[in-house]
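Derivation of every value follows stated rules applied to the coordinates shown; laboratory data play no part. On a predicted model such as this, the values are computed, not experimentally measured, just so you know. Here Cβ is always computed from backbone atoms with ideal geometry, including for glycine, and neighbour counts include all displayed protein chains.
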Amino acid sequence: MICMRSIGIRSLALVLTVLVVASSCKKKEPTSLKPGKTSSKTGLAYNTEDGFQVKQYKALPAGPDLVFIEGGRFTMGSLEEDVMGTRDNLERTVSIQSFYMDETEVANVHYLEYLDAVQRDSSEEFYRRALPDTNVWFNPLSFNDSYVNMYLRHPGFRLYPVVGVSWSQATDYCTWRTNAVNLSMFAKGSGDGQKAKKGISFGKKKEPAQAEVASTTEPTSLSVESGYVLPNYRLPTEAEWEYAAKGMIGTQYADENQSNQRIYPWDGSTLRQPRGRKQGTMLANFKRGRGDYAGIAGKANDGAIITQEIRSYPANDNGLYDMAGNVNEWVQDVYRPLSYMDFNDLNSLRRDGYMDEAKNYDSKNSNSLISDNIRVYKGGSWSDVAYWMSPGTRRFMEQDSSTATVGFRCAMISTGRNR
């Protein structure tokens, strides 16, 4: 009886072993990262001399300074009392695909790197168009002359957010950064960076009429199929920016429930650290009231009379710095006061006057400022009161205008992953 039981156990163990081996030998299904050696539809082999080339691909790391933002559903719109009476961002539910966003705002040293590349490789006309307007600091009733001369270029301001940059200039920077980063990625992946570099132009020494090439040329030697090319850097959409700023991932608990909404990029209605060793310190730099930009010497509430060095205040739950305060930030969207009515609830973006044309607004008689060249900016700045630091608030300005309170950061789509 014992012998029969022993044989039965051995037989069962043998069967289980066979099943495990058989399951491990099961053909693996192709994936984007591992498509296999042959086409699952035609059976033809990949990568033969005359066949279709499917490059080996390992997921690239995120571009420099980019933070992954997992997409999802959120309530877009202003949660603050509408003290301005604009009613231009009422609440609605939208969903955002996963994407990447710069951890910090673009700083002076980053923009100077761009200017250096443009000066070496582009026309004089394009270089002059790329220069920030340092006169945004000038005020006939203030002594801000030092900022006019020093803020952009002095080493002491290297990691302060760049200002005086228009929406158009910020967009050109994104195009240059795409080319520069992809060239670097391609060189590391292919070992042929010098050859690739010869195929890239940023408008090098061209006639003035061709200077626009500097902002539109694509890197001709870098194919998307190579796997060494990142998607384009760009300005975030308004929906992406607001979603990333709120950081609602930090309010979730079981089964998609949320414990609270957020007025600011952090919990609560206070603007100070509520607990811990830094209790009472400011969570962002802003203007507390008329004439009060920083508090009293020795007890400065936010430590900054104008802008402050990036990463000086705590990051939000998405790991992003200065999504409130420091400087406002440009987003892609054209401004319309009724954007909350005419929108797509997936990856919402207003790119032009579709369904709400500029001709509907009386700009010719100076009764309206609305046009297709008006762009949204968000986030509040060192010169704004706390109301504007709520992610749902929005303002607008001509895309070729700039101020000392508006900067920008870049974003990028996420390829091949949602989490």
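Here are some notes:
- Point-to-point label distance, Gln53-Val385, nm (Cα→Cβ direction, 7 Å offset): 6.2 nm
- Multiplying the residue separation of Lys278 and Ile305 by 0.36 nm and removing their Cα-Cα distance gives an extension gain of 7.7 nm.
- Pairwise Cα inverse-distance average, inverted: Kirkwood Rh of segment 66-163 (Å): 17.3 Å
- Taking label points 7 Å from Cα along the Cα-to-Cβ direction, Tyr46 and Gln252 give a separation of 3.1 nm.
- Using a Förster distance of 41 Å, the FRET efficiency for Thr31-Leu346 (Cβ separation, nearest 0.05): 0.95
- Per principal axis, descending, Cα span of segment 278-419 in whole Å: 54, 48, 24
- Each label point was placed 7 Å from the Cα along the Cα-to-Cβ direction; for Phe143 and Val83 their separation is 3.1 nm.
- Within segment 288-366, the GluC sites (Glu not before Pro) that combine a DSSP coil assignment with at most 13 other C-beta atoms in a 10 angstrom radius are Glu357.
- Förster radius 56 Å - calculated FRET efficiency between Val109 and Asn360, Cβ distance, rounded to 0.05: 0.80
- Rounded, prolate or oblate (a/c below 1.5 giving rounded, otherwise prolate when a/b exceeds b/c) for segment 322-384 by Cα gyration tensor: oblate
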